[in-house]
Amino acid sequence: MDEIIQRIRDNFGVLREHRQRDDLAEVWIEPRHVLPLLTWLKEHTPFVQLTHLSAVDWLEDGEFQLTYLLTDPVGRRSLMVAVRISREEATAESVHTLWAHAVTYEQEINEMFGIHFPGSPRQGVPFILEGWDDIPPMRRDFDTVEYMNRHHPSRPGREHTDPRRYIGQVVGEKGYLHD
């Protein structure tokens, strides 16, 4: 793994790296290096399998993080390649030409975070949220309570239960039973 990370440093630049365990490492790179690096990893290293693609919303920093988890199935090792992109532009290169199943990850991330992957075949096609008419729900500025109040107002006869009080009653914690 050390040799591969050194080659990534030399050829693609590494903003940051972290070794979680002997069989799990993470490298942070510039967005422009994502497709070339992932292509190189798939073609020239044992990290040939895209195991997962995830997104994180760093609202305060104005960025999204994309993390590509690659696996070396023979050596039973994993390498995370992480990149941050602007929330304002929210566009990343598609990797579906390297791994066909990336289309599903990209479709879900597009729908849930609003990150676009130009050229990915199912961008904009509803996947989970049929008929959704609001900002993507996994963005941290999405207001779940406001959305629920707007789309699912209270109905007569529905009683509000304070969750802390209810849990206290169920598990018998006396501190929750009294005001």
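The values are calculated or read from the model by the stated rules, or taken from the named source; none is laboratory data. Worth saying up front: this structure is predicted, and the values here are computed from it rather than measured. Neighbour counts are summed over all protein chains in view; Cβ atoms, including those assigned to glycine, are modelled from backbone coordinates with ideal geometry.
Here is a yes/no grid of residues against (1) of a type outside the set (S, T, N, Q); (2) farther than 27 Å from Phe47 by Cβ; (3) over 22 Å from the mean Cα position of the chain (by Cα); (4) modelled with pLDDT under 95:
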| site | (1), (2), (3), (4) |
| --- | --- |
| Tyr105 | yes, no, no, no |
| Ile115 | yes, no, no, no |
| Pro118 | yes, no, no, no |
| Leu129 | yes, yes, no, yes |
| Val145 | yes, yes, yes, yes |
| Ser154 | no, yes, yes, yes |
| Glu159 | yes, yes, yes, yes |
| Val170 | yes, yes, yes, yes |
| His178 | yes, yes, yes, yes |
Out of the residues in segment 77-116 that are surrounded by fewer than 20 Cβ atoms within 10 Å (Cβ to Cβ) and without any contact (Cβ under 8 Å) to a residue 24 or more places away in the chain, which is nearest to Glu60 (Cα to Cα)? Glu89
I'd like the full set of residues that are part of a loop (DSSP other than H, G, I, E, B) and among the β-branched types (Val, Ile, Thr), limited to segment 99-117. Ile115
Hey, can you tell me all the residues within segment 59-76 that are surrounded by 12 or more Cβ atoms within 10 Å (Cβ to Cβ) and β-branched (Val, Ile, Thr)? Thr67, Thr71
Which condition breaks for Tyr147 when tested against (1) surrounded by 13 or more Cβ atoms within 10 Å (Cβ to Cβ); (2) in contact with an Asp or Glu (Cβ under 8 Å, 6 or more places away or on another chain); (3) free of Cβ contacts under 8 Å to residues at least 60 places away in the same chain; (4) under 30 Å from Pro31 (Cβ atoms)? (4)
Taking segment 1-47 and keeping residues exposed (fewer than 14 other Cβ atoms within 10 Å of the Cβ) and in contact with a Pro (Cβ under 9 Å, 6 or more places away or on another chain) leaves Asn11
Breaking point among (1) in contact with a helix residue (DSSP H, G or I) (Cβ under 6 Å, 6 or more places away or on another chain); (2) of a type in the set (Val, Ile, Thr); (3) free of Cβ contacts under 8 Å to residues at least 40 places away in the same chain, for Val27: (3)
Just to be sure, is Val56 under 30 Å from Pro137 (Cβ atoms), modelled with pLDDT of 95 or more and surrounded by 17 or more Cβ atoms within 10 Å (Cβ to Cβ)? no
